[in-house]
Amino acid sequence: MWLVVAAFCAYALGYRFYSRFISAKVLALDARRATPAERLEDGRDFVPTNKWVLFGHHFAAIAGPGPLVGPVLAAQFGYLPGTLWILIGAVFGGCVQDFVILLFSVRRDGKSLTEMAREEIGIVGGFVAYAAVISIIVILLGAGALIVVNALKASPWGVFTIAMTIPIAVFMGFYLRHLRPGKVLEVSFLGFIFVMLAIWGGQWVSQTPAVAPWFTLTAPTLAVIIIIYGFAASALPVWLLLAPRDYLSTFVKLGTIALLALGIVALRPTLQMPPLTRFVDGSGPIFAGKIFPFAFITIACGAISGFHSLISSGTTPKLIRRELETRMVGYGAMMCESMVAILATIAACVLSPGTYFAINSPAGIVGQSPEAATATISGWGFPVTAAGMHALAQAVGEQTLFNRTGGAPAFAVGMAHIFSSSLGGQAVMAIWYHFAIMFEALFILTVLDAGTRVGRFMVQDALSHVWRPLGRTGWYPSILATSALIVAAWGSFLWQGVKDPLGGINSLWPLFGICNQLLATVALCVATTIIVKMGNAKYSPVTLAPLAWLVAVTFTASWHKVFDPNPRIGFLAHARQLASSTAPSHGVSRLIFNDRLDAAVAGALVCMVALILLESISLWVSVISGRMQARVREAPFVPTRFAAEEQG
Amino acid sequence: MMRLRQIATTLMAALREIFDESAYMRFLSRNQICSSPRAYAAFLREQENAKARRPKCC
């Protein structure tokens, strides 16, 4: 409970003093200036919206499984490093990034990050931002799909529940289309009840020998199904299925976050994880590497996430009613997301450390059998028994909880543990566990289908410069080709993770973290450039400080991931180890190729971000030294009518 | 009591915005039509084009 209170105090101070300083001194928010929502109001894209309504809308857009998964994985260092990074990173980095990018987009008629990068920094800036966005989408989808696979493999209960969301979504689509058009909240509530029934039915499925095998799937089978699903969602006109599922997952997501917050505040669970574990030395079983830089790329959403800059320069700036409200929406919503990450840290750390490591450690590290795994983990000083783990698996309705890498199962067990101590007791622990699994899997699948479509549109936009018909979003050959390209890209990362004896998440999540933080680096470069061009260079440390930190973190992490001699950290060292220690075979050759590909991706991203950084620094120096006349590309000032209305 | 009602109203308005109910109402008013299966189908088609380009955060 003290962790929640400490977090609340940190956010309150940050919002009251730091965000106020930024809005008054650095950005000089202008209450008299009309926003694009007012000037360009069209009832569709540009709509002046109540600040509290928009706050909820923005929060729902930025909050996903990221702030739940990252902190769970980083808990291998103990609860302290992750918690401190979430609080300090959010107050001085993440909230600032979301706030300033939102404001700058508002002052540019809702322009996207890539457009602002191109206009304010240069063509290289625009290209790098585009490449970073595509890369992060591909790697995010690969990592997300792997989390789903690891949560659902050999779990008939989980697979059945997720499979049932398809007929439920079809019913919701029919209801919305023919029975009660537009009543989304109503049908989402109905859908939620059906999902709860599906979770309850999943228990019967898992306990019925005649049915359970149909839903007991291996990781490679699940991976193939998810890849086919992603392609179908992008290429086929299945919007009527996907839209209701999207609504359903949002409904469940908001409900779960609210429930978790209430549960932790009301039940005040005790943390069992120590503040620091022995794995601060970089020998962690979940992912290898020291606290610096790896804790800071493992927790992105919740502290600072480049992906948020896409939302802050997407829909939200077109809905802001008054410029002053960007502070509450941009800075405030990120504070709430950060609080979700604190709750996830608590959910992971209420488990005994032995249980936590048994769930999250890959077989390649702790051993294949339960006895070997428990002996290894107990040997680290975190006692756990095979019998205890078996009993826990039985209690949550699973065959085993060993080697469930990815963070989602550990979060689900933590959540079930918190709630089972009061609401329904041990008897409903399995229901809580599968509710959490269903929530994460359902949400990640909607991220997957939306992300594949966004990626497809971005590739089509880019290809239209080569040959115009390829950019036509209704032309099927182009749809099929670009969908296949995007799905093949993230599918290859997923397949690589599924086949990885170290669990996959060991290499994929850091790669995702690096991409996400590099995108934040691009966003902060754009923000610093605009602040310098506004003539406020003396206040540029507000964005420059988090930028410098992120450059240090991402560049160091990338260096380690590519060149570190430890095969558990460095991609190239791992490839060399594979090449020298095993007889060459097709499988090993592919693993070596994957390692080299990961190294190339990390290296290429860092080089591109170094380019944008150099271009930005050169521009800042030119402006500050007076060699270049600064010109910001804001929309012209138009007085707002809302100020007069409020005074009148 | 008034304050509670105000909070509940704002919360419902936020949920209506998140779940596109407000967007549907704006669509109906913009096109001067009443709610019907056909109108909702047209709204969904418009949404598909806009939403497909909207990234969803991790």
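The values are calculated or read from the model by the stated rules, or taken from the named source; none is laboratory data. Remember, predicted model here, so these are calculated numbers, not experimental data. Positions of Cβ are generated from backbone atoms using ideal geometry, with glycine treated the same way; all protein chains shown enter the neighbour counts.
Identification of helices (runs of 4 or more DSSP H) wholly contained in region A:353-441 with 2 or more residues that are at pLDDT 85 or above and surrounded by fewer than 18 Cβ atoms within 10 Å (Cβ to Cβ) yields A:363-366, A:370-379, A:386-395.
Pull up region B:37-49, narrow it to residues that are out of contact with any Pro (no Cβ under 6 Å at 6 or more places or on another chain) and within 7 Å of another protein chain (Cβ to nearest Cβ), then point me to the one that is modelled with the highest pLDDT. Checking each candidate, the answer is B:39. Looking across region A:447-462, just one residue is polar (S, T, N, Q) and either more than 29 Å from the chain's Cα centre (by Cα) or crowded, with 23+ Cβ neighbours inside 10 Å (or both), and that is A:452. Only one of the listed residues (A:578, A:591, A:572, A:619) is within 30 Å of residue A:35 (Cβ to Cβ) and surrounded by 15 or more Cβ atoms within 10 Å (Cβ to Cβ). That residue is A:619. Looking across region A:59-75 at every residue that is small (Gly, Ala, Ser) and buried (at least 24 other Cβ atoms within 10 Å of the Cβ), the one that is nearest to residue B:11 (Cα to Cα) is identified as A:63. Within region A:29-72, how many residues are in contact (Cβ under 8 Å) with a residue 60 or more places away in the chain and part of a loop (DSSP other than H, G, I, E, B)? Residues in region A:29-72 being in contact (Cβ under 8 Å) with a residue 60 or more places away in the chain and part of a loop (DSSP other than H, G, I, E, B): 14 in total. Residue A:367 meets all of the listed conditions (1) more than 13 Å from chain B (Cβ to nearest Cβ); (2) on the phi < 0 side of the Ramachandran plot but one, namely (2). Scanning region A:95-128 for residues that are small (Gly, Ala, Ser) and within 13 Å of chain B (Cβ to nearest Cβ) turns up A:110, A:112.
Based on what the data block shows, is residue A:645 of a type in the set (Asp, Glu) and touching a residue at least 40 places away in the same chain (Cβ under 8 Å)? Considered against the rule, which asks whether it is of a type in the set (Asp, Glu) and touching a residue at least 40 places away in the same chain (Cβ under 8 Å), residue A:645 comes out as no.
From the residues in region A:164-198 that are facing chain B (nearest Cβ under 9 Å) and within 27 Å of the chain's Cα centre (by Cα), which one is surrounded by the fewest Cβ atoms within 10 Å (Cβ to Cβ)? If we take residues in region A:164-198 being facing chain B (nearest Cβ under 9 Å) and within 27 Å of the chain's Cα centre (by Cα), then A:185 is surrounded by the fewest Cβ atoms within 10 Å (Cβ to Cβ). Residues of region A:322-341 include at least one that is at pLDDT 95 or above, part of a loop (DSSP other than H, G, I, E, B) and either more than 25 Å from residue A:15 (Cβ to Cβ) or over 20 Å from the mean Cα position of the chain (by Cα) (or both). The residues listed here are A:220, A:237; of these, the one that is on the phi < 0 side of the Ramachandran plot, modelled with pLDDT under 90 and not β-branched (Val, Ile, Thr) is A:237. Taking the condition closer than 30 Å to residue A:41 by Cβ and surrounded by fewer than 24 Cβ atoms within 10 Å (Cβ to Cβ), does residue A:314 pass? Against the criterion (closer than 30 Å to residue A:41 by Cβ and surrounded by fewer than 24 Cβ atoms within 10 Å (Cβ to Cβ)), residue A:314 qualifies. On inspection, residue A:25 does not qualify as in a loop (DSSP other than H, G, I, E, B), at pLDDT 90 or above, within 30 Å of residue A:631 (Cβ to Cβ) and touching a helix residue (DSSP H, G or I) at 6+ places or on another chain (Cβ under 9 Å). Applying the condition of being of a type in the set (A, V, I, L, M, F, W, C) and surrounded by fewer than 20 Cβ atoms within 10 Å (Cβ to Cβ) to region A:199-214 and asking which residue is nearest to the other protein chains (Cβ to nearest Cβ) yields A:200.
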